[in-house]
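Below you'll find the structure, written out as structure tokens, and then a few comments.
The values are calculated or read from the model by the stated rules, or taken from the named source; none is laboratory data. What you see is a predicted model, and the numbers here were worked out from it, not measured in a lab. Each accessible area value is taken on the protein alone, full model and side chains, heavy atoms only, with ligands, DNA and RNA left out. Shrake-Rupley method; radii C 1.70, N 1.55, O 1.52, S 1.80 Å.
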Amino acid sequence: MAKRKNYNTPRNITVDLNHVRISGPYAEMMRARNQDKSNAALVTKPNSELEPAHIAPNRMEYVEKWKYWMQEPRWCAGYSWLLLRENYELYEKEEGLTRDEYYEIAKVAINTGPEQMNRLRKDKVSDVRYFELCKIMASHGIFDNVSVDFEKLNNGTPNGTYKIANFVIDSFYKAEHECQIQNAARGLRRGAKYQDYMSERDAAQLLFYMWLIVHNELLVGVRDKEITEFVEKGLVIPMDADRYLVKFTQNSKNNPCTGLLKSIRLGQSKNVPEFCKKAQSRVLDIYDEVIKREKAAGK
């Protein structure tokens, strides 16, 4: 008599997740989370493609001199930065200025005056280094409305424009003046407008994030109608609002949000999906918490 096979014996099954495609809201949530992790990693770690600048020992004093000038108060640093831009070839020829040295000086100059990216000689830094310098600018909540080169950003790192734009909005709480946020918003809208530099969904995400926390349609130039269209197209979902609320709660926890508080308008939008209204209401609650905390600290 033939021996019967036991079909109930457990067997190990290996599934290659690289070839499994998941769609729907869950997939969008995972994609958003992975993008956030990628952005956070780029903030804390240098770009793996970027080689450190090599400064000869006998040139350190020269570089440190320029760095010192770039940190001088008031107009002095800006003048030194402009001087280096206008006379780069002269310093290169007569003083032996190298591109590695210029990059090290530029990092200090942009950290001192992040709104002066227009004085950077983009032709003297690689695409990867340009991304790193824009990251310094973005860390201040600043985005130069005119001079940021989206193509160079995307060449510097994959999806570079979208990543830098996220850094900027994440850092809006550091802005001290309303005009800084307004100027940045113009630049971010310009980047989101042209689909050559980021996908339709990424553009919608940026505009929604900005609309949500700035809370001022006139200032950021994002209308309620656009938000509704993003939701109807599936470009913005409730989990996106939750994600941005978590980020904003963390960013505002120990910070005065001075520029944002000067920018917001009281009230909330009425002609947007319900989850957007609730998210905006929560943002106003966060601002109330910041105001109460700052008043208590001032006593």
Q) How much accessible area per residue does segment 129-237 have, in Å², with a 1.4 Å probe? A) 36 Å²
Q. Can you give me the Cα centroid spacing of segment 95-158 and segment 195-273 in angstrom?
A. 27 Å
Q: If a/c stays under 1.5 just call it rounded; otherwise compare a/b with b/c (prolate if a/b is bigger, oblate if not). Do that for segment 174-257, with a ≥ b ≥ c from the square roots of the Cα gyration tensor eigenvalues.
A: oblate
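Which shape class, rounded, prolate or oblate, goes with segment 105-147 when its Cα gyration tensor gives a ≥ b ≥ c as root eigenvalues, a/c under 1.5 marks rounded, and past that a/b bigger than b/c marks prolate?
Taking the square roots of the gyration eigenvalues as a ≥ b ≥ c, segment 105-147 is rounded.
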(Q) I need the shape label for segment 70-169. Rule: rounded when a/c is under 1.5, else prolate if a/b > b/c, else oblate, with a, b, c from the alpha carbon gyration tensor. (A) oblate
Q. Any idea what the relative contact order of segment 205-274 is, in percent, if you count C-alpha pairs under 8 Å spaced at least 6 apart?
A. 47 percent
